[in-house]
1. Working out 0.36 nm times the residue gap between Ala107 and Met124, then minus their Cα-Cα distance, what length gain in nm do you get to one decimal?
2. Any chance you could run the full-extension gain for Ile132 through Tyr4? It's 0.36 nm times the residue separation minus the Cα-Cα distance, nm to one decimal.
3. Kindly put Phe81, Phe32 in sequence by how many other C-beta atoms sit within 10 Å of each C-beta, fewest to most.
4. Provide the FRET efficiency to the nearest 0.05 for the Ser14-Ala39 pair, computing r from the beta carbons and using R0 = 30 Å.
5. Cα to Cα, under 25 Å, and not fewer than 8 places away if on the same chain: which lysines meet these conditions relative to Lys3?
6. Once every Cα of the stretch 19-86 carries one equal point scatterer and solvent is ignored, give the base-10 log of I(q)/I(0) from the Debye formula at q = 0.12, 0.26 Å⁻¹, two decimals.
Amino acid sequence: MKKYYESLAILAASAWAGGMWVIGYVVAPVLFQALPDKALAGMLASRLFAVMAYVSMACAVYLMFYAYKLHGKQVLSHSLFRVIVLMLLLVLIGQFGMQPLLAEIKAQALPLYVMDSPYADRFMYWHGAASIVYLIQSLLGAVLLLKVYRGRA
């Protein structure tokens, strides 16, 4: 049964980190490059990031369960659990803190595209902050994946 939990943990970590990397560093840039309507590209990217956030939350729940299965009551002192919690915290900040703020700024800019509006500077500031949070989470995803895969949980 231990191999079953370990296999699911590898899949969850792979889905979380890999999904983030593909959406954030491949799909979103391609959308902005390929679509002539940047507002449409932004809307699609935003939806993809939201879906990935919920996938991330599901993966985090399973991985916390897995870490508890491995370490029991001492789970809080293990680095795997700390990485999972930190990544989950960053997901929650991004999805429920920064994304609504970005959406509000876009709504204030209507009927203009946000980058053609007086709100462009504010949007760029918060978009940059969200990008930094995402980058940190992406780097932690590599740590998570290596810890789970190598069994150094």
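1. Details: separation 17, 0.36 × 17 = 6.12 nm, distance 1.46 nm.
Full extension of this stretch gives 4.7 nm more.
2. On the way: separation 128, 0.36 × 128 = 46.08 nm, distance 3.47 nm.
Here the segment from Ile132 to Tyr4 would lengthen by 42.6 nm.
3. On the way: Phe81 20, Phe32 13.
In order of increasing Cβ crowding within 10 Å: Phe32, Phe81.
4. Numbers: r = 33 Å, r/R0 = 1.09.
Between Ser14 and Ala39 the formula returns 0.40.
5. Partners found: Lys69, Lys73, Lys147.
6. -0.46, -1.02
Throughout, read-outs are computed from the coordinates displayed, never taken from laboratory work. Worth saying up front: this structure is predicted, and the values here are computed from it rather than measured. Neighbour counts run over all protein chains shown; Cβ positions are idealised from the backbone, glycine included.
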